[in-house]
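Chemist: Following this message is one structure expressed as C-alpha cells.
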Amino acid sequence: MNLKQFSSNSTRRYVVADGHVQGAILRRVGLYAFAAILYYCVVFCFTVFGSHPEGTVTDQILLCLDDAISWIPGLLVILPIAAYDLLATTNRFAGPICRLRGELQRLIEGQSPQPLNFRENDHWTDIAELFNQVREELLELRAQSSPDVEPRSPKSAPKEVADVLI
C-alpha cells in the first residue's frame, strides 16, 4: 500500500500531508503506546510471578507468554488502524497549513490564480477566508502599482530593502 495515495473516492491526494508534523505526532503516540505496553507487560509479569510463587522462573515466563498470545494479535491489528486514523485526523489540520504555505509561496511568486479553499471537514477554515481577503488586496495593489513590475522572490527581498535603506 502506498501511504502517499488515498483511495479514488477521496478528495484528498495524500495520506500524509506534512510528514514532519504528522511524523512527530505518530512518533509521540508510538512512544506512548510502547510505554503503555511495557507497563502492562511489567504489571502482568509481576501478577503472574506473584500469583504462582511455587513455580520455576521458566514456568512463570511460559505462563506470561501463554497469556500474551491472546492479546498480541489484537494489538497488531489495532496499531496500524490507529496509526491510519491518526494520520487522517491530523490531515484535518496539517493539510490546510500545507495548502496555505503553498499558496503563500505562489502568491509571493505572483502565481496565485485562484482563491484558497479548504475541504469541508478541515480545521481552521477561517484562515482561508482571511488569506483570500489579503490575497485580493495584494493582487489589487500589485495591479495598481505597475503591471510591468515582476513579483519579487523571497530571496531578493532583503537585498531590495537594504538598497532602499542606503
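The values are calculated or read from the model by the stated rules, or taken from the named source; none is laboratory data. None of the values given here were measured: they were computed from a predicted structure. Virtual Cβ from ideal backbone geometry, glycine too; neighbours counted across all protein chains shown.
Chemist: Keeping to segment 86-135, report how many residues are closer than 19 Å to Val21 by Cβ, at pLDDT 85 or above and β-branched (Val, Ile, Thr).
Modeler: Selection size over segment 86-135: 2.
Chemist: Examine segment 114-131 for a residue that is basic (Lys, Arg) and closer than 20 Å to Arg92 by Cβ, and state whether such a residue exists.
Modeler: yes
Chemist: Working only within segment 79-136, note down all residues that are in contact with a Leu (Cβ under 8 Å, 6 or more places away or on another chain) and acidic (Asp, Glu).
Modeler: Listed by number, the list holds a single entry, Glu103.
Chemist: Sticking with this structure for a sec: Being of a type in the set (S, T, N, Q) and more than 22 Å from the chain's Cα centre (by Cα) is true for just one of Asn91, Asn132. Which residue is that?
Modeler: Exactly one of Asn91, Asn132 is of a type in the set (S, T, N, Q) and more than 22 Å from the chain's Cα centre (by Cα), namely Asn132.
Chemist: Would it be correct to say that Asn121 is surrounded by 14 or more Cβ atoms within 10 Å (Cβ to Cβ), of a type in the set (S, T, N, Q), touching a residue at least 24 places away in the same chain (Cβ under 8 Å) and closer than 26 Å to Leu26 by Cα?
Modeler: No.
Chemist: Is it true that some residue in segment 63-82 is of a type in the set (Val, Ile, Thr), in contact (Cβ under 8 Å) with a residue 12 or more places away in the chain and part of a helix (DSSP H, G or I)?
Modeler: No: segment 63-82 contains no residue that is of a type in the set (Val, Ile, Thr), in contact (Cβ under 8 Å) with a residue 12 or more places away in the chain and part of a helix (DSSP H, G or I).
Chemist: I've got another one for you. Being in a helix (DSSP H, G or I), out of contact with any Lys or Arg (no Cβ under 8 Å at 6 or more places or on another chain), among the aromatic types (Phe, Trp, Tyr) and over 25 Å from Phe34 (Cβ atoms) is true for just one of Phe93, Phe131. Which residue is that?
Modeler: Phe131
Chemist: What residue, among those in segment 21-39 that are in contact with a helix residue (DSSP H, G or I) (Cβ under 9 Å, 6 or more places away or on another chain) and free of Cβ contacts under 8 Å to residues at least 60 places away in the same chain, is nearest to Glu120 (Cα to Cα)?
Modeler: Going through the qualifying residues, I end up with Val29.
Chemist: Another one. Which of the residues belonging to segment 30-73 are under 28 Å from Thr90 (Cα atoms) and surrounded by 14 or more Cβ atoms within 10 Å (Cβ to Cβ)?
Modeler: Passing the criteria: Gly30, Ala33, Ile37.
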